[in-house]
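So the structure is just underneath, and the comments pick up after that.
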Amino acid sequence: MDGVLRYRGRCITPAEVAGIQALMAAHPGASRRALSEMLCRRWDWRQPNGALCAMVCRGLLLALHRAGQIQLPPVRWVNPNPLARRGGERRPPRLVPVDPTPLTGPLAALRPLTIAEVRGTPEERLVNSLVAQYHPLGYTHPVGEQLKYLVTAQGRPVACLLWSSAARHLGPRDRFIGWGAEVRRMHLRLLAYNTRFLILPWVQVPHLASHLLGRMARMVPADWQRRYGHPVLFLETFVDPARSRGTCYRAANWVVLGQTTGRGKNAPSKRPTRSRKLILGYPLTPRFRALLGAGR
């Protein structure tokens, strides 16, 4: 490798490190945040919506600092938000009580269903609470770009769906799309991962789950474009076969792509450390392979 460090697919060269050192020398009083923003502007390092990649850049500068390539200034401010404290404990969502009276019957009787994207709204707290209380895996804060949906009927919550940035590397998915490593790094942002799908336990309505997944396939791309300034072309999720066969996904025409290795993204060895999950995918356009750069 010609670079001194590879960070999120970007190979950092000695010349770039020298440029960072010169930038720091020219601004000796600048904070880490200010340095990351200046470096983003110098490299024209931006998100698809035009915003600076300042957070990713701060991670790069910290990686270079830890590797002994640069010497960052001392930290001036610690974010009081516990979600921003990597490695520290995260405060669980505050639990919100809801009415558990059973909702049963055919799907037509439950309509109209209201599906709202609630990220950054007061209803986000309710979604986090419901997932924490009633999803088998509980609540974990989504990674990267993300959307959260609350489904209501008759004035009551009935379901929640959480989406985030896709997993960096999944062999069966990448082979299904036709990706090599470099093309995957270029187009991974065009995928969305369904991290949680919860129908509240007192809601017993046949076909509700597959119906909601069908509506998500239309809503997620539009909401992602609105919030992050780029489209989504492919959806993915994991299903633990010990808990479920993923019947609702299959009924909504999702495709079983294969299984995970069971090693996790940070496993120090090649031996499985957790259960193997089914990988399911849903292309949002017939041209998904061409648009995702397959074969390039």
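Data for the structure
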item: Output for region 163-221, where each listed residue is within 15 Å of the chain's Cα centre (by Cα), of a type in the set (K, R) and at pLDDT 95 or above; result: R196
item: Residue that is surrounded by the fewest Cβ atoms within 10 Å (Cβ to Cβ), among those in region 107-128 that are within 20 Å of G214 (Cβ to Cβ) and among the small types (G, A, S); result: A108
item: Tally, over region 12-36, of residues that are in a helix (DSSP H, G or I) and surrounded by fewer than 17 Cβ atoms within 10 Å (Cβ to Cβ); result: 11
item: Residues (touching a Ser or Thr at 6+ places or on another chain (Cβ under 7 Å) and surrounded by fewer than 18 Cβ atoms within 10 Å (Cβ to Cβ)) located in region 239-261; result: D240, A242, A251
item: Qualifying residue in region 87-98 (condition: at pLDDT 85 or above and within 30 Å of L212 (Cβ to Cβ)); result: yes
item: Candidate set from region 106-124 (those that are under 18 Å from the mean Cα position of the chain (by Cα) and assigned to a loop (DSSP other than H, G, I, E, B)); member that is farthest from P241 (Cα to Cα); result: G120
item: Matching residues, region 201-254, being in contact (Cβ under 8 Å) with a residue 24 or more places away in the chain and small (G, A, S); result: A209, S210, G214, A217, G229, A242, G246, A251, A252
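The values are calculated or read from the model by the stated rules, or taken from the named source; none is laboratory data. Because the structure is predicted, anything quoted here is derived from the model rather than measured. Don't worry about glycine lacking a Cβ; one is built from the backbone with ideal geometry, like all the others, and counts go over all protein chains shown.
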